[in-house]
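Handing you this structure, nothing more for now.
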Ligand SMILES: Cc1ncc(COP(=O)(O)O)c(C=O)c1O
């Protein structure tokens, strides 16, 4: 059985909206445009529902996945925290780079003048006075690490990215193309996360999308950063004259994006939608945790082709929202993800293995009789062809080429 009700689901959960600062931040980044929300009637017909909409994150701020929304906001907030004062006012990434350069060359936080002054800033650490450039570090199964490396490049910083054993060359090369030093762990994703955590020091800032005890703020900012997607979706539904989704299918790795999804569809001012969390059969760590009633780590290694979802432990910071807010868990096989990639390609949506999991999940929901004819289904297609070689093998033709991003 692929569809499982969430035993920890809480009825009546209401989440306050995220600050509009997040969207205003993203809008100032080079190349920001809302990603498309496409209505796909052939898929609605296949699922037997009224409407299917795909939020297509194949090209977000010049990268082939949604993750840069979280990485960029968290990096910004982390650098502000280090500075001890806001970067405002600024209007472009070039402005921001100049202000970050002051940090890296060590002019010292107490000497930095801003509109808001430096009140409340902690005393400068020796690092703030050193001349060492700052380094951003992250563990990743591909998309998050590339996004962190991109932010480092845009802000004139260096980056060190760790990937799990077995990461395909295309993903490693893509991260390295951002100027990052990429190293490969001997273990899986969870091991890579632990290894990067140990790199943190005065000049190495860890930007992790999963949390652990004592490291919660950055992953919380990452969840906030994803809220821009849902602000766009709400506007796009309104522009299309649709009341919005009744069912949302979200691909789940450590659960940070699912936490943002729950936040968006448990708003005080909106009708709640059914949130379906889609995980690979062999990496369903969030579902297993919900069954256990607490965050647990799966035994063994995870080897799904859905690389972004190949996680063994949910993010503790995402857990309260995900455990209470998800309605159903859906597990999908690699073959079902492949079929979903092909189905999306047939209707003109380029979606990689993890991105297409949302449609694979919707197919399972339909098969289990969990969709009704009046449903409006939102599929979060969270990536494009992040592994172009595999994409071509699965879909039968290469992914379309993309324009050069402003940053390259
Ligand atoms: C393309 C894609 N979709 C979904 C996810 C899942 O996000 P999370 O780990 O926050 O659950 C990831 C994570 O890396 C991803 O890369």
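The values are calculated or read from the model by the stated rules, or taken from the named source; none is laboratory data. Because the structure is a prediction, the values reported are computed rather than measured. Because the Cβ atoms are built from the backbone with ideal geometry, glycine has one as well, and the counts that use them run over all protein chains shown.
I'm checking my understanding of the structure. Among residues of the stretch 51-73 that are part of a helix (DSSP H, G or I) and away from the ligand (no atom under 12 Å from the Cβ), which one is surrounded by the most Cβ atoms within 10 Å (Cβ to Cβ)?
Filtering the stretch 51-73 for residues that are part of a helix (DSSP H, G or I) and away from the ligand (no atom under 12 Å from the Cβ), the one surrounded by the most Cβ atoms within 10 Å (Cβ to Cβ) comes out as 72.
Check whether at least one residue in the stretch 280-289 is free of Cβ contacts under 8 Å to residues at least 60 places away in the same chain, touching a strand residue (DSSP E or B) at 6+ places or on another chain (Cβ under 6 Å), assigned to a loop (DSSP other than H, G, I, E, B) and over 23 Å from residue 12 (Cα atoms), and report yes or no.
Yes.
Which of the residues that make up the stretch 345-358 are within 12 Å of the ligand (Cβ to nearest atom) and part of a helix (DSSP H, G or I)?
353, 354, 355, 356, 357, 358
Follow-up. Out of the residues in the stretch 359-408 that are in a helix (DSSP H, G or I), away from the ligand (no atom under 16 Å from the Cβ) and more than 23 Å from residue 250 (Cβ to Cβ), state the one that is modelled with the lowest pLDDT.
389
Quick check: is even one residue across the stretch 330-341 away from the ligand (no atom under 16 Å from the Cβ), over 19 Å from the mean Cα position of the chain (by Cα) and in a helix (DSSP H, G or I)?
Taking every residue of the stretch 330-341 in turn, at least one turns out to be away from the ligand (no atom under 16 Å from the Cβ), over 19 Å from the mean Cα position of the chain (by Cα) and in a helix (DSSP H, G or I).
Determine, yes or no, whether residue 52 is closer than 27 Å to residue 137 by Cα and in contact with a helix residue (DSSP H, G or I) (Cβ under 6 Å, 6 or more places away or on another chain).
So residue 52 fails the test.
How do the helices (runs of 4 or more DSSP H) wholly within the stretch 139-230 filter down when requiring 1 or more residues that are in the same structural domain as residue 308 (by TED's automatic domain parsing) and surrounded by fewer than 16 Cβ atoms within 10 Å (Cβ to Cβ): which remain?
Passing ranges: none, list empty.
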